[in-house]
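Below is one structure; the comments refer to it alone.
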Amino acid sequence: MPQLHGRAAAQESVFARMSRLAAQRGAVNLGQGFPSAAPPTFLLDAARGALGRFDQYAPPAGLPALRDALGADLGVDGADVTVTCGATEALHLLTLALLGPGDEALMLEPVFDVYLPQVALTGARAVTVPMTLAGRGWQFDLPALAAAVTPRTRALLLNSPFNPTGTVFSDEELAGIVALARTHDLWIISDEVYDELYFGPRPTPLRTLAPERTFTVGSAGKRLEATGWRIGWIAAPPGLTLGVLGVRQVTSFCAPAPLQAAVAAALPLARESGFYAGLRAAYEERMTLLAGGLRALGATVFEPRGTYFLTALHPAWTAESLIDAGVAVIPGEAFYAHHAAPPGLTRWAFCKSAAEIEVALERLGFVADEAVRM
């Protein structure tokens, strides 16, 4: 019998595995990053109104109403927007459109795990530059990134706010990245799915600094607490969307039409109603709760400036020991391929309810009254 290609080898992702174990063992799932809360009412109402009206194929580029809504929200021309089946497909389309055999894509490590196989599927090679942990938390080394550029480097793949570290790059760091890209004539793939989830100054989109070479990836699932809807997008440099669409129309062809229509209606409502500000405030409260509890348990916690994840170090903790205690998290080594993860590193999702976070901390031995006295 013929055999499947090697790329089709069965391999369960650590995110799926930890969610499966959490369900099997009744653990609190602080691993996979999906919110506990229902999506906002205005989004659900828009979806109900779209059913029966938008039920057939949408154009591969996306419903015009959603492209226009995204253009207005992102400050770009809607003609430069492509709607995708989630940000994962957006990243897949861009690696296919920008990379080929023998090319290299440069990124930082720890790295979101899907970047590496997506680059590999194109025949290109992922080159990672490690971030470091210091007193101020996760640090980004621009000279090290510059030193990793070779004649084969075609693109920088960056994530800000950064999963898993929670880093938000400063304007100075972004200016350095842009200068590096222009010096070596590199594309920039800017994964900004957490663009509305930040604690402090609003992150600067890379497309505003280098519009001629930056492809921005976004996600309605992260913004609107609907990760299962799988509505993502690409904002391309002017004039390059047709090239992306040449690849897009042979992948999933189009994202679900009624959900596109719902997101189109919801985006301006989310902005006008202050939904994002409320979401950030709620997440910040839960992040403070989780961080305080983990510190009381002896962990070193690195509070994020964005995303809904925090990282922590504890010498006695592994993902396996924590799941045995009834709490699912993601081990730090899941985000490393070419360098060693810091010992005892774990990633925790605080997009869950305060009640779930409290139960998780109690299972790990945290007692609120004792924490107050410390």
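Run the numbers for Gln249 and Ala79: contour at 0.36 nm per residue of separation, minus the present Cα-Cα distance, in nm.
On the way: separation 170, 0.36 × 170 = 61.20 nm, distance 1.60 nm.
This chain segment gains 59.6 nm when fully extended.
Measuring with a 1.4 angstrom probe and ignoring ligands and nucleic acids, Glu358 comes out at about 90 Å² accessible.
Could you tell me the ratio Rg/Rh of the chain? Both radii from Cα atoms, Rh via Kirkwood. Before the final figure, lay out each step's value.
Details: Rg = 20.6 Å, Rh = 21.4 Å.
A ratio of 0.96.
For the chain, the per residue solvent-accessible surface stands at 42 Å², with DNA, RNA and ligands left out and a 1.4 Å probe.
Here the calculated FRET efficiency for Asp185 and Ala144, from their Cβ-Cβ distance with R0 = 22 Å, stands at 0.65, rounded to the nearest 0.05. Working from the Cα coordinates of the range 286-372, the gyration tensor eigenvalues give, after taking √(5λ), semi-axes of 21, 14, 12 Å in decreasing order.
The calculated Kirkwood hydrodynamic radius for the range 126-208 is 13.5 Å, given to one decimal from all distinct C-alpha pairs.
Can you sort Asp68, Asp80 by solvent-accessible area, 1.4 Å probe, largest first?
On the way: Asp68 100, Asp80 25 Å².
These residues rank, largest area first, as Asp68, Asp80.
Helix content alone sets the calculated 222 nm mean residue ellipticity of the chain: runs of n ≥ 4 DSSP H residues at -39500 (n - 2.57) each, divided across all residues, give -11500 deg cm²/dmol.
The values are calculated or read from the model by the stated rules, or taken from the named source; none is laboratory data. Note that the coordinates shown come from a computational prediction; the quantities given were computed from them, not determined experimentally. Positions of Cβ are generated from backbone atoms using ideal geometry, with glycine treated the same way; all protein chains shown enter the neighbour counts. Side chains included, ligands, DNA and RNA excluded: accessible areas come from the protein's heavy atoms. Shrake-Rupley method; radii C 1.70, N 1.55, O 1.52, S 1.80 Å.
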